[in-house]
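Have a look at this one before I ask anything.
The values are calculated or read from the model by the stated rules, or taken from the named source; none is laboratory data. None of these values were measured; they are calculated from a predicted model. Here the Cβ positions follow ideal geometry from the backbone for every residue, glycine too, while neighbour counts run over all protein chains shown. The area values use the complete protein model at the heavy-atom level, side chains included, leaving out ligands, DNA and RNA. Shrake-Rupley method; radii C 1.70, N 1.55, O 1.52, S 1.80 Å.
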There are 2 protein chains.
Amino acid sequence: MDDLADLLVRLRSGLPAEAVITDPDITASYSHDMASFCEAGIPAVVVLPRSAEQVQHVMRTATELRVPVVPQGARTGLSGAANASDGCIVLSLTKMDRILEINPVDRIAVVEPGVINATLSRAVGEQGLYYPPDPSSWEMCTIGGNIGTASGGLCCVKYGVTAEYVLGLDVVLADGRLLTTGRRTAKGVAGYDLTRLFVGSEGSLGIVVKAVLALKPQPPRQLVLAAEFASAAAACDAVCRIMERGHTPSLLELMDGTTIRAVNAMANMGLPDTTEALLLAAFDTPDPTADLTAVGKLCAAAGATEVVPAEDAAESEMLLQARRLSLTALEAVKAATMIDDVCVPRSRLAALLEGTAAIAQKYDLTIGVCAHAGDGNTHPTVCFDPADPDESRRARESFDEIMALGLELGGTITGEHGVGVLKKEWLSRELGPVGLELQRGIKRTFDPLGLLNPGKLF
Amino acid sequence: MDDLADLLVRLRSGLPAEAVITDPDITASYSHDMASFCEAGIPAVVVLPRSAEQVQHVMRTATELRVPVVPQGARTGLSGAANASDGCIVLSLTKMDRILEINPVDRIAVVEPGVINATLSRAVGEQGLYYPPDPSSWEMCTIGGNIGTASGGLCCVKYGVTAEYVLGLDVVLADGRLLTTGRRTAKGVAGYDLTRLFVGSEGSLGIVVKAVLALKPQPPRQLVLAAEFASAAAACDAVCRIMERGHTPSLLELMDGTTIRAVNAMANMGLPDTTEALLLAAFDTPDPTADLTAVGKLCAAAGATEVVPAEDAAESEMLLQARRLSLTALEAVKAATMIDDVCVPRSRLAALLEGTAAIAQKYDLTIGVCAHAGDGNTHPTVCFDPADPDESRRARESFDEIMALGLELGGTITGEHGVGVLKKEWLSRELGPVGLELQRGIKRTFDPLGLLNPGKLF
């Protein structure tokens, strides 16, 4: 208790009173992200700094007293990367939420880490600009969290992931020093790419306090086509044909039969029960109608039973509704879900979907798959009841088996959700001993005392 | 000599005889890249392995005997990053030149490091695919060298640099172990991004022996517009207007008056002597004529004295000829050139060009600037006579002063050419002490004995 009292006195010496929270009812609410079934501890204190200097004070204090620090954004992550450890300082960046600059000539935005993704997207949109990364949680998640987890989204098939939009960072290191990485320029190769090293590092190398982000010009509104298939394999074949023919959709999403039925049950979308896969393709090109026609033909050639191109933005939105409801609908199946994030070369997508269906059958579980099909990035969602120990065990085993299948197919255990606590053991399988040793070496270089987000990644 | 004899015996124990070169006339030709005025030593031996296993043998030998290793591609670099140090092993990757796979569905190519950029570009082009990075030396330079220096090119304003196309690597570490990084998938966030760390690391962290590269579908052929301006500032204003209005040119290049006059003198391009800047814009969109018309109007609004849109591919090529000749023409001005590579936010491009003109005047030198204007990436080219000590001194001082100006304008000392030997002192100025310390920490993690390309970067 003396240690805690000392910690609080020191923290308060450089932070306003309201920025240091110790009420256990409140601190408990900071204990985990949306992977609520992953292990999580109780923080000693939650701090809510409003400036880089205050973050530096927190990190200097943590280093002096050897207290672990868990950085957090909006806690919408799905891998437990933001979960607290017992006795840690939770460092929430949500109060550092200013957009500092939007520059249409240089096509950059400069932001603090707590800015909500949707807030930034709308602000740049008002100036004719576009910040593409659009994770499903975009109305809640923060840019800092997006950087920490290298978030993806629906747009990635055309526009890539968060990593491709981070040009430079201000980072507070474990010992409280401030590091500036990268640039405000379109190009730059001065030294090792430390910026990219921080992206996806899940708060384990430093605390991002400012980011220079690249922006694109706002594209035309996208037009969507929906295609129904009698098998997942046929839909995957359509995906391969679309990409092989050189199309560049702004979105290419797939829902499997299990997901479709869950959505139908929830929202009565009127999809026939014989539909085993729904493919959604969109184009934000100058002539999207022509692109949809070409893609519609490829879907038909791959065996689509129905092809429905939207005629305008409103119809497009309707078609996307089903996809947007997918996770909610699957969450309604059982009390809990465990969301996998396996990404395979898109030529192996059919094998992954068929393998996942076999795993669901083997473990007698409902596993619905939605996928950013154009990227080969799938989200097999295992539905289970955490109160049922046997079902929980089967859920975890099936979850792991899907990752094993992903690796076997030449894929990765995580396309966009990150490792966190959930996939720690799997990271070492994917990286191998040499890769793991180097990753640990990098961690030691940045955080020799191991205070930053301990117990995550590896 | 005993040490050398021992080194050669050991190298030959795992390499075919013809892969180990000691003839001093030949080894001397491997002493430097195209920054021939940078310091360079004489290698003890040049090795030309043909497989990852042979590279592993070289690195194991080097580690056992503590001999430095300088990796080389085609030695077309401009910063001395491939320059030999005395007594080193030059490890040339030029014989590892196989394209292992081109996959149109997954849109990837898998290549060995010695593949020539143009060879890959043509091979993927035959399958309707596009490998964008196009450094000026693309007919000679290797993919391994491109990865080592994170090369750019003319296409970057739309398609980005080499870094954005490297998905995964096989790397032989300093101690001879093989590391696989990254992925074959479109997305992936499993652990720290080691792939990106190797890109631009100038052979100082490991030897790339295989790369998985992302490809794009081949775009339509681009159509080019040329616009003449009476001042560099007016041309830069046009660049800002084009980018601010949300255009996405596939190329946006600028030549200043000095460069134009050098090209005129060499090839009689018929450009009026009053032209102080030539802007070249290209579009590879479905309707490039419409884009050129819009951009032509923006150029006129910025004060262009002449706007010439090409009507077809042949005319477009003609317009690009002047740009292609720029460096050759500037090289004809004096016996030697020193090419800067400063990149600034494009809103500061005019300030950089005006500042460079003032520096040329101050030092009484010819400094021609061509620029990847859309990226704010300039190549001020200092023409000098290395036999004239005073002019050489002035050349070096002006070269440095341009870098100082670039940093002052919020830019970087190197947009795409890298640091090598040429900009070592400048790297620490750009990174600052904290950044430099971390960069050195990373170097130690990968190469604790400091054997890989010593004396480069920092």
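Averaged over peptide B:171-184, how many Cβ atoms belonging to another chain are found within 10 Å of each residue's Cβ?
The mean count of partner-chain Cβ atoms within 10 Å per residue comes to 3.
Which sequence of A:Val9, B:Val115 reflects their accessible areas, 1.4 Å probe, from the largest down?
Of A:Val9, B:Val115, the descending order of accessible area is A:Val9, B:Val115.
Same structure again: Please report Rg (one decimal) and Dmax (integer) in Å for the Cα set of the range B:212-326.
Looking at the range B:212-326, its Cα Rg and Dmax stand at 14.1, 48 Å.
While we're looking at this one, here's another question. Regarding the range A:3-92, what's the average projected area of the Cα-atom convex hull, expressed in nm²?
5.3 nm²
Find every distance from the label point of A:Ala230 to the corresponding label point in the other copies (7 Å from Cα along Cα→Cβ) and write them in nm, one decimal, shortest first.
Taking the point 7 Å beyond Cα along Cα→Cβ, the inter-copy spacings are 7.3 nm.
Quantify, in whole percent, the carbon and sulfur part of the accessible surface of the range B:345-404 (1.4 Å probe; protein heavy atoms only).
Of all accessible area on the range B:345-404, carbon and sulfur atoms account for 50 percent.
Report the one residue of A:Leu254, B:Leu15, A:Leu327 whose Cα lies farthest in the direction of the positive end of the charge dipole of the protein assembly as shown (charges on C-beta: Lys and Arg +1, Asp and Glu -1; origin at the Cα centre).
So the residue furthest toward the plus end is B:Leu15.
Here's a follow-up. Could you work out, residue by residue across B:197-207, how many beta carbons of other chains sit within 10 Å of that residue's beta carbon, and then give the average as an integer?
If you average over the peptide's residues, the count of other-chain Cβ atoms is 3.
Where Rh is the Kirkwood radius over the Cα pairs of the range A:349-458, the temperature 25 °C and the viscosity 0.890 mPa s, what D in µm²/s does Stokes-Einstein return?
159 µm²/s
Also, I was wondering about something else. May I ask for the angle, rounded to the nearest 10°, between helix B:349-362 and the longest principal axis of chain B, with both axes built from Cα atoms and the value confined to 0 to 90°?
The answer is roughly 80 degrees.
Summing +1 for each Lys or Arg and -1 for each Asp or Glu, what net charge is found among the other residues whose Cβ lies under 12 Å from the Cβ of B:His417?
-3
Turning to a different aspect of this structure: Given 25 °C and 0.890 mPa s, compute D for the protein assembly as shown with the Stokes-Einstein relation, Rh being the Kirkwood radius over Cα pairs; round to the nearest whole µm²/s.
Answer from the Stokes-Einstein relation: 86 µm²/s.
Something else: May I ask you to order A:126-136, A:439-449 by the average number of other C-beta atoms within 10 Å around their residues, highest value first?
The most tightly packed comes first, giving A:126-136, A:439-449.
What's the whole-number percent of alpha carbon pairs in the range B:1-152 lying beyond 22 angstrom?
43 percent
Let me ask you something else. How large is the convex hull of the Cα atoms of the range A:170-245 per residue, expressed in Å³ as a whole number?
Taking the convex hull of the Cα positions in the range A:170-245, it is 202 Å³ per residue.
If you line up the long axis of helix B:2-12 against the longest principal axis of chain B, both from Cα atoms, how many degrees apart are they, to the nearest 10?
Tilt of helix B:2-12: around 80 degrees.
So what J values fall out for the range B:21-29 if you push phi through Karplus, 6.51 cos²θ - 1.76 cosθ + 1.60 with θ = phi - 60°, rounded to Hz, Gly and Pro as x?
10, 10, 3, x, 5, 7, 4, 4, 6
With a 1.4 Å probe and all protein chains left in place, how much accessible area per residue does the protein assembly as shown have, in Å²?
36 Å²
Take A:Arg324, A:Arg429 and sort them by solvent-accessible surface of the protein heavy atoms, 1.4 Å probe, largest at the top.
Solvent-accessible surface, decreasing: A:Arg429, A:Arg324.
Excluding A:Asp170 itself, calculate the net charge of residues whose Cβ lies under 14 Å from the Cβ of A:Asp170, where each Lys or Arg counts +1 and each Asp or Glu counts -1.
The answer is +2.
Can you spot the lysines whose alpha carbon is less than 16 Å from A:Lys423's alpha carbon? Ignore those fewer than 8 places along the same chain.
By straight Cα distance, A:Lys423 reaches A:Lys456.
When N counts the residues of the range B:223-408, how does its alpha-carbon radius of gyration compare numerically with 2.2 N^0.38 Å, as a ratio?
1.01
A follow-up question, please. Under 5 Å between amide H atoms, partner at least 5 residues away or on a different chain: which partners does A:Ile108 have, H built in plane at 1.01 Å?
Answer set, sorted by chain and number: A:Asn103, A:Leu215.
Reported to two decimal places, what Rg/Rh ratio describes the range A:99-217 when computed on Cα atoms with Rh from the Kirkwood expression?
A ratio of 0.94.
Same structure, new question: Just which residue of chain B brings its Cβ nearest the axis of rotation onto chain A, and by how many angstrom, rounded whole?
Minimum Cβ distance to the axis, with residue: B:Arg196, 2.
Now, a different point. Leaving out ligands, DNA and RNA but keeping every protein chain, what accessible area does A:Ile102 have, in Å² rounded to the nearest 10, with a 1.4 Å probe?
40 Å²
B:Gln72's amide H: which non-local residues (gap 5+, or another chain) put their own amide H closer than 5 Å, with H modeled 1.01 Å from N in plane and none for Pro or chain starts?
HN-HN under 5 Å from B:Gln72: B:Leu91, B:Ser92, B:Leu93.
Using modelled amide H (1.01 Å from N, peptide plane; none on Pro or chain starts), what sits under 5 Å from the amide H of A:Gly200, excluding residues fewer than 5 places away?
The list, which skips near neighbours in sequence, is A:Gly148, A:Thr149, A:Ala150.
From the phi angles alone, apply the Karplus equation (6.51, -1.76, 1.60; θ = phi - 60°) to the range A:265-276 and give each ³J(HN,Hα) in whole Hz, x where the residue is Gly or Pro.
Karplus-based 3J(HN,Hα) across the range A:265-276 equals 5, 7, 10, 6, 6, x, 7, x, 5, 7, 6, 9 Hz.
Still on this structure, please answer the following. Once phi is turned into ³J(HN,Hα) by the Karplus curve 6.51 cos²θ - 1.76 cosθ + 1.60 with θ = phi - 60°, what whole-Hz value does each residue of the range A:399-408 show in order, with x for glycine and proline?
4, 5, 5, 5, 5, 4, 4, x, 5, 4
What lysines does A:Lys95 reach when the alpha-carbon gap must be under 18 Å and sequence neighbours fewer than 8 apart in one chain are set aside?
A:Lys210
Moving to a separate point now. What is the mean number of Cβ atoms from other protein chains located within 10 Å of the Cβ atom of each residue in peptide B:102-109, rounded to a whole number?
5
Which of the peptides A:18-28, B:245-255, B:196-206 is most tightly packed, and how do the rest follow, going by the mean number of other Cβ atoms within 10 Å of each residue?
B:196-206, B:245-255, A:18-28
Can you compute the helix-only [θ] at 222 nm over the protein assembly as shown? Use -39500 (n - 2.57) per DSSP H run of at least 4 residues, normalise by all residues, nearest 500 deg cm²/dmol.
Computed ellipticity for the protein assembly as shown at 222 nm equals -11500 deg cm²/dmol.
Taking a label point 7 Å out from Cα toward Cβ, give me the nm distances from B:Lys95 to the same spot in the other copies, shortest first, one decimal.
6.4
From the C-alpha gyration tensor of chain B, pull out the three semi-axes of the equivalent ellipsoid (sqrt of 5λ each), sorted largest to smallest, in whole Å.
38, 26, 19
Rounded to the nearest 100 Å², what's the accessible area chains B and A bury against each other, both chains counted, probe 1.4 Å?
5800 Å²
Same structure, new question: Between beta-carbons, use under 14 Å as the cut-off and find the net charge around B:Arg107, counting Lys and Arg +1, Asp and Glu -1.
Neighbour charge sum, excluding B:Arg107 itself: +4.
Separate question: What nm distances, shortest first, do you get from the label point of A:Leu65 to those in the other copies when the point sits 7 angstrom along Cα to Cβ?
Nearest first, the other copies' label points are 5.7 nm away.
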